[in-house]
Amino acid sequence: MFTPRPIAFVHSPYQDTSEIPRGLGARHLAEGSIELLREFEPGLADIEGFSHLFVLWVFDRATDFSLTAHPPADNRDHGVFATRSPRRPNPIGLTVVELLGRDGPVLRVRGLDMLDGTPVLDIKPYLSSIPTEKIRRGWLAEAEACKG
Ligand SMILES: C[S@@+](CC[C@H](N)C(=O)[O-])C[C@H]1O[C@@H](n2cnc3c(N)ncnc32)[C@H](O)[C@@H]1O
């Protein structure tokens, strides 16, 4: 194993989790930035060509975990690994953001769903080769159909 360390920190408009859209139909359009620590800035070379990025980050304000979760999108419990709950054994978040631009060590992005000051562990280009018809959405599809 290794000891993770932040490569960057998020500047987001959200100071409190209550401000972040959640539940069915929630849209994440918040703009902000991800500021790389200076020592990691060379790792951003050539990132400008990608429209979207995977951002791996730490739920640094989660205090515990549960193996079941009750997502706002549904009225049933689910296993934590079948959800995006912040309360997980390894508190790691994954968000796809749109890259709006880069100013040196700062990536301007849209689509943030994390609190201001959130530590970032890694950034990768967003690529997907899975055809839409192959994707199943599990309990979420059922919840969407019910609330239709
Ligand atoms: C449902 S999670 C999804 C996060 C990410 N898109 C994922 O799938 O891993 C988003 C919620 O995490 C919580 N959250 C955001 N930033 C956090 C942080 N730094 N520490 C703890 N909880 C956070 C907020 O309640 C937010 O609504």
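How many residues does the stretch 72-81 hold that are touching a residue at least 40 places away in the same chain (Cβ under 8 Å) and surrounded by 14 or more Cβ atoms within 10 Å (Cβ to Cβ)?
3
Tell me which of these Glu142 doesn't satisfy, since it passes every other one: (1) surrounded by 12 or more Cβ atoms within 10 Å (Cβ to Cβ); (2) more than 25 Å from Glu19 (Cα to Cα); (3) touching a Leu at 6+ places or on another chain (Cβ under 9 Å).
Among (1) surrounded by 12 or more Cβ atoms within 10 Å (Cβ to Cβ); (2) more than 25 Å from Glu19 (Cα to Cα); (3) touching a Leu at 6+ places or on another chain (Cβ under 9 Å), Glu142 violates only (3).
Please give the number of the condition Ser51 fails out of (1) surrounded by 13 or more Cβ atoms within 10 Å (Cβ to Cβ); (2) out of contact with any Lys or Arg (no Cβ under 9 Å at 6 or more places or on another chain).
(1)
Only residues that are aliphatic (A, V, I, L, M), away from the ligand (no atom under 15 Å from the Cβ) and exposed (fewer than 13 other Cβ atoms within 10 Å of the Cβ): list them for the stretch 1-45, please.
Met1, Ala45
More than 13 Å from the ligand (Cβ to nearest atom), over 28 Å from Glu144 (Cα atoms), touching a helix residue (DSSP H, G or I) at 6+ places or on another chain (Cβ under 8 Å) and at pLDDT 95 or above - does that describe any residue in the stretch 70-88?
Going through the stretch 70-88, the residues more than 13 Å from the ligand (Cβ to nearest atom) turn out to be 75-77, 79.
From what's left, over 28 Å from Glu144 (Cα atoms): none.
No, there is no match, as no residue in the stretch 70-88 is more than 13 Å from the ligand (Cβ to nearest atom), over 28 Å from Glu144 (Cα atoms), touching a helix residue (DSSP H, G or I) at 6+ places or on another chain (Cβ under 8 Å) and at pLDDT 95 or above.
The values are calculated or read from the model by the stated rules, or taken from the named source; none is laboratory data. All values derive from a computational prediction rather than experimental measurement. Here the Cβ is made from the backbone with ideal geometry for all residues, glycine too, and neighbour counts use every protein chain on show.
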